[in-house]
Amino acid sequence: MSQNTQPSPIRVVIVDDDAIVLDSLSMLLGRENGIEIVATATNGAEAVDLVHDHMVDVVLMDIQMPVLDGIGATSRILATGGHTRVLLLTTFDDDTFLDGGIAAGASGFLLKTTPAAEIAAAIRTVHGGGKVLSPGPTSRVLDRYVRGQRPSTGSTAELDLSGREREVLRLLCQARTNRQIARQMNVAETTVKTHVSSLMRKMGVGSRLEIVTEAYKRGIGG
């Protein structure tokens, strides 16, 4: 008798005080393969309770909410030491929120203008232990990194990167998404993902953001 070897779906809680946004995200993400919306909440306090009561893999969390905001809720959820990851989703492209979310331990920060398919991809990334940031916030994080630490000189030669990998690295350093890179290079998005995985392996890092940070550290991010 054959056994079902399909992986368990990623169990997601969506938190937003805007009912329209909450319903829209629930509907769109609920259609994604491998993602299960187990509950929704309208404030951070409800989110903390839901994570306590359910086996939640990823919380998709708004920031500005009544009772308890998203950053405070993130801090409380992660303080329990469980496996739950938090992905912050907001309309506010503001460094105060970004820095607060990172300090609280969030695994990602996306703008609400992000397409549903990219939000779903981000959920899968953070569930797997990776980090994600929208292009605008990513650029500012890197700007602060570069200002705060003088990069060493180096080249891609020591990493033994192919021409395609060097091009993908250059575009990643411009905060491009996989879809944007695929369009610019005229290749399939799966091909870009393969190059990104190869870059992670060769650079000894575990996420897209770490690829770019390591590139700037080596002086090859420009």
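The values are calculated or read from the model by the stated rules, or taken from the named source; none is laboratory data. Predicted, not measured: the structure shown is a model, and the values here were computed from it. Please note: Cβ atoms are built from the backbone with ideal geometry, for glycine as well, and neighbour counts cover all protein chains shown.
Given (1) under 30 Å from residue 7 (Cα atoms); (2) modelled with pLDDT of 90 or more, where does residue 186 come up short, assuming only one miss?
Here residue 186 meets the rest and fails (1).
With respect to residue 76, is the statement that it is part of a helix (DSSP H, G or I) and among the basic types (Lys, Arg) true?
Values: part of a helix (DSSP H, G or I): yes; among the basic types (Lys, Arg): yes.
The answer is yes for residue 76.
Those residues that are more than 19 Å from the chain's Cα centre (by Cα), surrounded by fewer than 18 Cβ atoms within 10 Å (Cβ to Cβ) and either part of a strand (DSSP E or B) or outside the structural domain of residue 98 (by TED's automatic domain parsing) (or both), I need them from segment 23-73; list them, please.
38
From the set of residues in segment 75-88 that are farther than 20 Å from residue 121 by Cα and among the polar types (S, T, N, Q), which is surrounded by the most Cβ atoms within 10 Å (Cβ to Cβ)?
Of segment 75-88, the ones farther than 20 Å from residue 121 by Cα are 75-82.
Now narrow it down to the ones that are among the polar types (S, T, N, Q): 75, 80.
On the way: 75: 19, 80: 11.
Once the filter is applied, the top-ranked residue is 75.
Pick from segment 38-65 the residues that are under 22 Å from residue 81 (Cα atoms) and among the β-branched types (Val, Ile, Thr): which of them is modelled with the lowest pLDDT?
First, the residues of segment 38-65 that are under 22 Å from residue 81 (Cα atoms): 38-41, 43-63.
Then keep just the ones that are among the β-branched types (Val, Ile, Thr); that gives 38, 40, 48, 51, 56, 58-59, 63.
On the way: 38: 96, 40: 96, 48: 95, 51: 94, 56: 95, 58: 97, 59: 97, 63: 88.
Only one residue tops the list, namely 63.
Any idea which residue in segment 1-22 is surrounded by the most Cβ atoms within 10 Å (Cβ to Cβ), counting only those that are β-branched (Val, Ile, Thr) and modelled with pLDDT of 95 or more? Even if it seems obvious, please write down each step before you answer.
Narrowing segment 1-22 to residues β-branched (Val, Ile, Thr): 5, 10, 12-15, 20-21.
Now drop any that are not modelled with pLDDT of 95 or more, which leaves 10, 12-15.
Numbers: 10: 22, 12: 25, 13: 23, 14: 25, 15: 31.
If we take residues in segment 1-22 being β-branched (Val, Ile, Thr) and modelled with pLDDT of 95 or more, then 15 is surrounded by the most Cβ atoms within 10 Å (Cβ to Cβ).
Considering only residues that are assigned to a helix (DSSP H, G or I), small (Gly, Ala, Ser) and under 13 Å from the mean Cα position of the chain (by Cα), which ones fall in segment 100-115?
Applying the first criterion (assigned to a helix (DSSP H, G or I)) to segment 100-115 yields 100-104.
Checking the rest, the ones that are also small (Gly, Ala, Ser) come to 100-101, 103-104.
If the condition is that a residue be assigned to a helix (DSSP H, G or I), small (Gly, Ala, Ser) and under 13 Å from the mean Cα position of the chain (by Cα), then 101 is the only one that fits.
Out of 167, 189, which single residue is among the acidic types (Asp, Glu) and closer than 25 Å to residue 116 by Cβ? Write out each step before concluding.
Numbers: 167 fails: closer than 25 Å to residue 116 by Cβ.
On inspection, the qualifying residue turns out to be 189.
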